[in-house]
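Note sheet for the following structure.
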Amino acid sequence: MTAQKKDPAHEEVLSVLRAAKNRLEYVTPNDWILIVDRARRVIFKKGDVLIQSGKLHKTVYLLAKGKAKVESSTKLLIAQLEPGEVCGEMAFLENGIASAHVTATTDVEACAIEGSALLDLFELYPHLGSRFYRSLAVNLSRRMREVIGTKPTVKVPG
């Protein structure tokens with residue numbers, strides 16, 4: 001029996017997604033394999049639009065290389081995205097239109113996964129869905145705190 005040869009580019013993407021500072025922290029290494037296997041690799045040049053505010057959007061992007069900015073329709077900077085981070089998640093969560101504009105600030109390589117493919121995975125692996133949604137909630141909370149300038153509070157037992 002022969003061992004399956006691993007694709008170095010695939011392994012590099014998995015490594016970035018698993019280790020990034022603002023990654024989807026509750027998604028396990030095995031979850032990442034399932035997600036990336038269903039995703040397609042997409043390339044954006046600096047200045048390209050990944051997501052256009054106000055448009056129906058059904059794709060979630062996981063940045064593997066490069067950086068992007070997230071802006072409101074009034075051009076308010078919401079977030080700076082780096083490798084390992086996600087965008088398109090709000091339209092996915094709401095099954096609706098994009099609420100922000102995402103533009104590549106450098107050349108970007110991303111894993112693009114359709115919302116329907118994610119939902120299919122969650123049907124097959126409910127715990128994956130739970131971890132994915134929990135991770136999205138934490139990331140959205142973190143971004144909101146950055147925008148409004150507050151720090152997370154810690155409850156002290158007492």
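Scanning segment 32-42 for residues that are in a strand (DSSP E or B) and open to solvent by less than 90 Å² (accessible area, probe 1.4 Å) returns a single hit, 42. For segment 104-151, residues that are within 14 Å of the chain's Cα centre (by Cα) and among the β-branched types (Val, Ile, Thr) total 3.
Filtering segment 107-149 to residues that are among the aliphatic types (A, V, I, L, M), over 22 Å from residue 50 (Cα atoms) and surrounded by 13 or more Cβ atoms within 10 Å (Cβ to Cβ) leaves 121, 128, 138. Candidates are the residues of segment 63-98 that are among the hydroxyl-bearing types (Ser, Thr, Tyr) and open to solvent by 60 Å² or more (accessible area, probe 1.4 Å); the one that is nearest to residue 35 (Cα to Cα) is 73. In segment 6-31, the residues that are open to solvent by less than 70 Å² (accessible area, probe 1.4 Å) and assigned to a helix (DSSP H, G or I) reach residues that are modelled with pLDDT of 80 or more and aromatic (Phe, Trp, Tyr) with C-beta atoms within less than 8 angstrom, at least six apart or across chains, in these pairs: 14/32; 17/32; 31/125; 31/132.
The values are calculated or read from the model by the stated rules, or taken from the named source; none is laboratory data. Keep in mind that what you see is a predicted model, and the values were worked out from it rather than measured. Positions of Cβ are backbone-derived with ideal geometry, glycine not excepted, and every protein chain shown enters the neighbour counts. Just so you know, the surface numbers come from the protein's heavy atoms only, side chains and all, with ligands and any DNA or RNA stripped out. Shrake-Rupley method; radii C 1.70, N 1.55, O 1.52, S 1.80 Å.
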